[in-house]
Each structure stands twice: as structure tokens, then as C-alpha cells.
Amino acid sequence: MATAKVVFASEPKDFDGTPAQVENFMNSITLYFFAYSAKFAKDDRKVLYHLSKCKEGNAAIFARNYIATNTTVTPATANTPASSTLKLGSYYDFETEFRTSFTDPNLACNKHHLLDTMQQGNHTAKDFFNEFDLVCQQAGYGDAVTHVLYLISLLEKSALNPILIQKIYQTVPVPNTYAAFKASALQHDSQWRQARAVTAIRQGKPVPKLPSTMSTSTTTSKTNGNPTSEEVPMDVDAQSGRRGRKGKKGKGKFLDKVKDKIRCFNCGQFGHYAKECKNERITWKYDIRAMSADEKRALLDEFAETEEYENF
């Protein structure tokens, strides 16, 4: 005998009227109604359940006022006792009134300002765009087609890493929609990180770790002039045996074997790192005047990849 598929969703938490939590609360309510659509087929059940979650703070006051406004009291007569009737309207009207009561009136303005200050920092393009797209919707720019020029200008101005912007505009044809611009950024960022990891493995360096997922509280911004995001500390890497998160070193012969493949960036010899080098410090110089135009361009590209993008 076939059984109906049951969709489960966690029950929404009680709402206390905090404006910053309105969207999260509404999302959880919407998912709960969808998961148990048979139970909440009628609007009055949705409204009653929604009101039952408004138990604290300003939300409780809203619930009391809503019930009082929509309750009709019939006074007692000689033949009938007093009675009261609660008439609930459509859930759409209720939801509109609820959002109007608790949504921050300055939300769109604040999110618009956040768009102007967001920067990718050292986060992946995927994590950055997850946050960027959410803020765009909250700021009123959910239609990427209508606002394509503005959104791309934000990404060009300071949001995305400048080297990533350079890579995007080397693409043929150049992306002319927000969706294409975003897809190109995701592709180039992913390719660069993969190439960086392969290069690190071949050179015996620790494989670069990805930073933690972005959130509104940790998004790199230029509001205070300094980035707020940091790289995640690296674990002990099996390729190098270098100090990890707790300062522990690789053990015994394994570390010695690994170090035999390590080249010092100071003297060029194998078996130690530049910070451990006992030879005289060497400052590498390049004779720019003797270089051809192609050599200069290649050198600049190398610096861009190894220095500017390293701080990505």
C-alpha cells in the first residue's frame, strides 16, 4: 500500500517583535505552512497559528490589538447571553499588516548603504555573491535585469577583487548582464583557487585554506577603513609538516623527508624555509630596461597573481 510523502519542517520559534528577525520568522512560517499545507488550507488557521507565535514583547501587543480590533461583541439581551465573534480576514491582508508593523522602515536605506560598502575581501566569489544577492533583494534591487548597470558598477567599483575584475574583462565576449557577469566571476575565482592549490602542492607549500562562510556580521567592508575578515588558521599540512593551528610540528623522519623537497626562497637551496635560512638575505632585482614589452607584461602579471591576488 502506497503511503503519502510527508514533508517535515521545524516549528517556527516564538516572535518577540524584533525588526531584525522579521524576515527569518516569516521564512520559517512560510516553510511550515508549505510543509503542512493540508493542515493550513484555510486562511483563518494560518492567521490563528501566526498569532499564537506572537507571545512576547511588541509582538504580543500586536496580537492583542489585532484580536481586539477584529472581535465583535454582542451584548446580552433578555433572551440571549452576551457573545463575541472573531472575524479574521485573508492571510494576505494579515501578513501585510504584520510586515508593516515590524519591518524596519529604514531597512532598504540601510541595505543600500551596505551595498556601497561591501567588499569580497578574502572570501570566495560564491560566498560573496550569496550575501550580495540577499542584500540586493533587501535593498529593493531584486530585479537584476532592471538594475543591471547599477549592480555591475558596484562590483566594478570596489566590491569584487580588482584582479578578478581584470580577468572578467579579458573574457570574450565581455559579459553584459548581471547573470553573465556573476557567472564569469565565479568561474575565474574557482579556476584561480584551483590553480593556487595545485601550485602549492607542486612547490611543497601548505594548500591554501578557504575562509569561513560569509555572513552579514563578518562581511568585509570599508566602513571603518579596514577589512574585518580574516583567513582561517591552517591545520598541519601533510605536504609540508609546518606548524599548524596548535603549533604542533610534523613528527620524526616524515618531517625530514618532506623538508628535503622544500626550496628556500632566499638562497634557493633545498631543505629549509626562507625564515630558517642562515645565509645572507638576498633582495631580488629585475633589470626592467633590458626586458622586452612581453617580458615586462609577463612580470607584471606574475606580480598581480602572486602579490595582489594573494591578499584576495
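The values are calculated or read from the model by the stated rules, or taken from the named source; none is laboratory data. This is a predicted model, so every value here is computed, not measured. Glycine gets a Cβ as well: all are built from the backbone with ideal geometry, and neighbour counts include every protein chain shown.
Note down all Cβ pairs under 6 Å where the first residue falls in segment 159-172 and is within 17 Å of HIS123 (Cβ to Cβ) and touching a residue at least 60 places away in the same chain (Cβ under 8 Å), the second is assigned to a loop (DSSP other than H, G, I, E, B) and not charged (D, E, K, R), and they're at least six residues apart or on different chains.
So the pair list comes out as ASN161/GLN120; ASN161/PHE312.
This table checks each residue for (1) in a helix (DSSP H, G or I); (2) not assigned by TED's automatic domain parsing to the domain that holds ALA180.
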site	(1), (2)
THR96	yes, yes
ASP127	yes, no
CYS136	yes, no
TYR141	no, no
ALA144	no, no
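Kindly check whether there is at least one residue in segment 37-48 that is within 14 Å of GLU95 (Cβ to Cβ), touching a Pro at 6+ places or on another chain (Cβ under 9 Å) and of a type in the set (A, V, I, L, M).
No: zero hits.
What residue, among those in segment 126-152 that are of a type in the set (S, T, N, Q) and within 16 Å of the chain's Cα centre (by Cα), is modelled with the highest pLDDT? Write out each step before concluding.
First, the residues of segment 126-152 that are of a type in the set (S, T, N, Q): 130, 137-138, 146.
Adding the requirement that they be within 16 Å of the chain's Cα centre (by Cα) leaves 130, 137-138.
On the way: ASN130: 91, GLN137: 84, GLN138: 80.
Among those that are of a type in the set (S, T, N, Q) and within 16 Å of the chain's Cα centre (by Cα), it is ASN130.
Residue under question is PHE94, and the condition is that it be in contact with a helix residue (DSSP H, G or I) (Cβ under 8 Å, 6 or more places away or on another chain), within 30 Å of ARG45 (Cα to Cα) and touching a residue at least 12 places away in the same chain (Cβ under 8 Å); does it hold? Outline the logic, then answer.
On the way: in contact with a helix residue (DSSP H, G or I) (Cβ under 8 Å, 6 or more places away or on another chain): yes; within 30 Å of ARG45 (Cα to Cα): yes; touching a residue at least 12 places away in the same chain (Cβ under 8 Å): yes.
Yes: the conditions hold for PHE94.
Residues to consider are ALA78, ALA108, ALA68; find the one that is surrounded by 12 or more Cβ atoms within 10 Å (Cβ to Cβ) and free of Cβ contacts under 8 Å to residues at least 60 places away in the same chain.
Numbers: ALA78 fails: surrounded by 12 or more Cβ atoms within 10 Å (Cβ to Cβ); ALA68 fails: surrounded by 12 or more Cβ atoms within 10 Å (Cβ to Cβ).
After applying the criteria, what remains is ALA108.
Check ASN27, ASN106, ASN110, ASN65 and return the single one that is more than 28 Å from GLY140 (Cβ to Cβ) and out of contact with any strand residue (DSSP E or B) (no Cβ under 6 Å at 6 or more places or on another chain). Show your work before the answer.
Working: ASN27 fails: more than 28 Å from GLY140 (Cβ to Cβ); ASN106 fails: more than 28 Å from GLY140 (Cβ to Cβ); ASN110 fails: more than 28 Å from GLY140 (Cβ to Cβ).
Step by step, each of ASN27, ASN106, ASN110, ASN65 is checked, and only ASN65 is more than 28 Å from GLY140 (Cβ to Cβ) and out of contact with any strand residue (DSSP E or B) (no Cβ under 6 Å at 6 or more places or on another chain).
Of all residues in segment 102-125, which are at pLDDT below 90 and part of a helix (DSSP H, G or I)?
PHE102, LEU107, ALA108, CYS109, ASN110, LYS111, HIS112, HIS113, LEU114, LEU115, ASP116, THR117
Assuming VAL22 fulfils every condition listed in (1) within 16 Å of GLU97 (Cβ to Cβ); (2) modelled with pLDDT of 90 or more apart from one, which condition is it?
The failed condition is (2).
Does segment 69-77 contain at least one residue that is among the polar types (S, T, N, Q), over 29 Å from GLN138 (Cα atoms) and in contact with a Gly (Cβ under 8 Å, 6 or more places away or on another chain)?
yes
Here is a list: GLN203, GLN194. Which entry is modelled with pLDDT under 85 and surrounded by fewer than 16 Cβ atoms within 10 Å (Cβ to Cβ)?
It is GLN203.
Only one of (1) at pLDDT 90 or above; (2) over 24 Å from PRO19 (Cα atoms) is not met by ILE67, so which one is it?
The failed condition is (2).
Could you please find all residues in segment 16-64 being loosely packed, with under 13 Cβ neighbours inside 10 Å, among the basic types (Lys, Arg) and not in a helix (DSSP H, G or I)?
Matches in segment 16-64: LYS39, LYS42, LYS55.
Can you tell me which of LYS87, LYS42, LYS46, LYS111 is within 16 Å of GLU23 (Cβ to Cβ) and of a type in the set (Lys, Arg)?
LYS111
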